[in-house]
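Participant: Okay, here's the structure, questions in a sec.
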Amino acid sequence: MTTVRELERRFSPRGEVQRLALDRAGRYLVAKAREAFSRQGRDGKGAWYPRAVPNVAGILSDLERGSSIAERRFEARPAGMDTGRLRAACFYEVRGDYVVVGSKVPYAKKFQDGGTTTIPVPKSTAAKLKKLLPALRQRLGTTPSFRRLARLAGGKVSSFTVKTQGRTFVAITEADRAELKKIVRAAARGKA
């Protein structure tokens, strides 16, 4: 979660004007965070890293829930839009004289900052994966990714560790600072 204190320090509007400015700033920043998913990057912060192809973590997730693998597991883009839950969960909250922008989805911080996750591989998931190995080998060849999947299917490995790159979706860029100043000025003038 990112706290937007620039509004408090730089603009310091008071009373109802302050509340209005913070509310508008929150809506603006949430819109920019959600837009990052469509654009696959946050303006001023660069493009997001693509998904790993094949997406082994996604394959395991698919097999844990069913017996087939979604085609998107073999596509690099769009990153971060598997279910749309993270994008939809972006929120803002005015807290006194500042606004908090973020997401309460448990993996939001790891998505934003990057990190390492260990995913357990139940024996039932390994068994489903084993049945699909011939099709995966045909599709992937004997690449390192296929060999990783084959090890997981063998049941000798009980977990899979994945390191993710950070994909900034909550941020304040220079362009945002300029827009936030406009928002505060408009609120001070009583304009919607």
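Participant: Helix 174-188 versus the longest principal axis of the chain: what angle, 0 to 90°, nearest 10, using Cα atoms?
Facilitator: 40
Participant: I've got another one for you. In debye, nearest 20, what is the charge dipole magnitude of segment 53-192 about its Cα centre with +1 on Lys and Arg Cβ and -1 on Asp and Glu Cβ, if you could check?
Facilitator: My answer is approximately 340 debye.
Participant: Please identify which residues in segment 135-151 have an amide N closer than 16 Å to a label point set 7 Å out from the Cα of V157, following the Cα→Cβ vector.
Facilitator: Of the residues in segment 135-151, 136-137, 140-151 have backbone N under 16 Å from the label point off V157.
Participant: Turning to a different aspect of this structure: What part of the accessible area of the chain, given as a whole %, is carbon or sulfur when the probe is 1.4 angstrom?
Facilitator: In the chain, the share of accessible area belonging to carbon and sulfur is 51 percent.
Participant: Of the candidates K32, K156, K123, which one comes out as most mobile in a Gaussian network treatment of the chain with C-alpha springs shorter than 10 Å?
Facilitator: Top of the fluctuation ranking is K156.
Participant: Just to confirm, what accessible area per residue do you get for the chain at 1.4 Å probe, in whole Å²?
Facilitator: The answer is 56 Å² per residue.
Participant: What lysines sit close enough to K123 to cross-link, taking a C-alpha to C-alpha distance under 25 Å and skipping anything fewer than 8 places away on the same chain?
Facilitator: Reachable lysines: K131, K156, K163.
Participant: Further question: Restricting to DSSP H runs of at least four residues, report the calculated mean residue ellipticity at 222 nm for the chain, -39500 (n - 2.57) per run over all residues, nearest 500 deg cm²/dmol.
Facilitator: -14500 deg cm²/dmol
Participant: Inverting the mean 1/r over all pairs of different Cα atoms, compute the Kirkwood radius of the chain and quote it in Å.
Facilitator: Value: 18.9 Å, from the Cα pair sum.
Participant: Could you point to the residue in G84, A135, G115 farthest towards the positive end of the chain's charge dipole, with +1 and -1 charges on the Cβ of Lys/Arg and Asp/Glu respectively?
Facilitator: About the Cα centre, the residue reaching furthest to the positive side is A135.
Participant: Now, a different point. Between G141, G80, G155, find the one with the highest GNM mean-square fluctuation for the chain; connect C-alpha pairs within less than 10 Å.
Facilitator: G141
Participant: Roughly what angle does helix 56-65 make with the longest principal axis of the chain, taking Cα atoms, 0 to 90 degrees, to the nearest 10?
Facilitator: That works out to roughly 80 degrees.
Participant: Rounded to the nearest 10 degrees, what's the angle between the helix 123-140 long axis and the longest principal axis of the chain, both from Cα atoms, 0 to 90?
Facilitator: Relative to the chain, helix 123-140 is tipped by roughly 90 degrees.
Participant: Which one of V99, V17, V30 has the biggest mean-square fluctuation once the chain is modelled by GNM with Cα springs under 10 Å?
Facilitator: For the chain, modelled as a Gaussian network with Cα springs under 10 Å, the answer is V17.
The values are calculated or read from the model by the stated rules, or taken from the named source; none is laboratory data. For clarity, every value in this text was computed on a predicted model and none was experimentally measured. A quick note on method: Cβ atoms are made from the backbone with ideal geometry, for glycine too, and the neighbour counts reach across all protein chains shown. With ligands, DNA and RNA removed, areas are computed over all heavy atoms of the protein, side chains included. Shrake-Rupley method; radii C 1.70, N 1.55, O 1.52, S 1.80 Å.
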